[in-house]
1. Given the conditions (1) crowded, with 17+ Cβ neighbours inside 10 Å; (2) out of contact with any helix residue (DSSP H, G or I) (no Cβ under 7 Å at 6 or more places or on another chain), which single one is not true for LEU152?
2. Looking at the structure I just gave you, is PHE113 aromatic (Phe, Trp, Tyr) and under 30 Å from PRO183 (Cβ atoms)?
3. So in segment 57-78, with the set limited to residues that are modelled with pLDDT under 85, in a helix (DSSP H, G or I) and not β-branched (Val, Ile, Thr), which one is farthest from the chain's Cα centre (by Cα)?
4. Residues in segment 140-149: is at least one touching a Pro at 6+ places or on another chain (Cβ under 8 Å) and either under 10 Å from SER76 (Cβ atoms) or surrounded by 21 or more Cβ atoms within 10 Å (Cβ to Cβ) (or both)?
5. For segment 105-114, state whether one or more residues are under 11 Å from LEU51 (Cα atoms) and either crowded, with 23+ Cβ neighbours inside 10 Å or within 15 Å of the chain's Cα centre (by Cα) (or both).
6. Does segment 174-186 contain at least one residue that is of a type in the set (S, T, N, Q), assigned to a helix (DSSP H, G or I), without any contact (Cβ under 8 Å) to a residue 40 or more places away in the chain and closer than 26 Å to VAL36 by Cβ?
7. In segment 127-150, how many residues are within 18 Å of THR91 (Cβ to Cβ) and touching a residue at least 60 places away in the same chain (Cβ under 8 Å)?
8. Which of the following residues is surrounded by 20 or more Cβ atoms within 10 Å (Cβ to Cβ), at pLDDT below 85 and β-branched (Val, Ile, Thr): THR91, THR133?
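The values are calculated or read from the model by the stated rules, or taken from the named source; none is laboratory data. What you see is a predicted model; the values in this text were computed from it and never measured. All Cβ positions, even for glycine, are placed from backbone atoms using ideal geometry, and neighbour counts span all protein chains on display.
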Amino acid sequence: MTDDERLRWRVSWWRVVVPWPLFFRRVLGRARQVNVLQLVREIHLSYTLALLVFGLVLAYIVEPESDPPLFPLVLSGVALLMAVGGARWLTRKPWPDDAPPEVLASIYRTTYFLHAAFAMSIALWGFVDVFITGWLWPYLAGGTVAFVWLWLIGPTSTNISRLDRKLREANPAASLVEGLTAPPDASA
């Protein structure tokens, strides 16, 4: 099976939209096994869907005030700069060239979730600002930045192939794709 075939999206939309019944099935031990890539993609889509749903709900419950306070908006701008800087600082360390595929997959997951957390924090600041200022646009701005950030770091075939090529230039035996698409360990 080629890398392109292994990187195809096989996401269950049911698991993205209604995750709780499946979560309880996992707790009870009757869940089906999925590989790491599929799980990260389902979580990524859940984050994106949550951003959109929160925006729709806020649009119906916000009544704009005439003169919003400026301090929360300035604080959100500072939070945006800190989130971008924090994500760059935490993920600046280069990936090891000689690591086995499982370790590369673990590093990929950690990097993805750090970036996703910082992206969602920007939307959260906008969400809080909506209630402080009474205006919807702080969430629209924060949610848009978070949405674009999630789109850029998403576990797409293109992003994963680019990282895999970069790793293979340094070490031809390194394979991020193999680590992400390997079947789950039966002992786990």
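1. All conditions pass for LEU152, except number (1).
2. Yes; evaluated as a whole, the condition is true for this residue.
3. So, considering only residues that are modelled with pLDDT under 85, in a helix (DSSP H, G or I) and not β-branched (Val, Ile, Thr), the one farthest from the chain's Cα centre (by Cα) is PHE71.
4. Start the filter on segment 140-149 by keeping residues that are touching a Pro at 6+ places or on another chain (Cβ under 8 Å), which leaves none.
Checked segment 140-149: no residue is touching a Pro at 6+ places or on another chain (Cβ under 8 Å) and either under 10 Å from SER76 (Cβ atoms) or surrounded by 21 or more Cβ atoms within 10 Å (Cβ to Cβ) (or both).
5. no
6. No, segment 174-186 has no match at all.
7. Going through segment 127-150 one residue at a time, the tally reaches 3.
8. So the residue among THR91, THR133 that is surrounded by 20 or more Cβ atoms within 10 Å (Cβ to Cβ), at pLDDT below 85 and β-branched (Val, Ile, Thr) is THR133.
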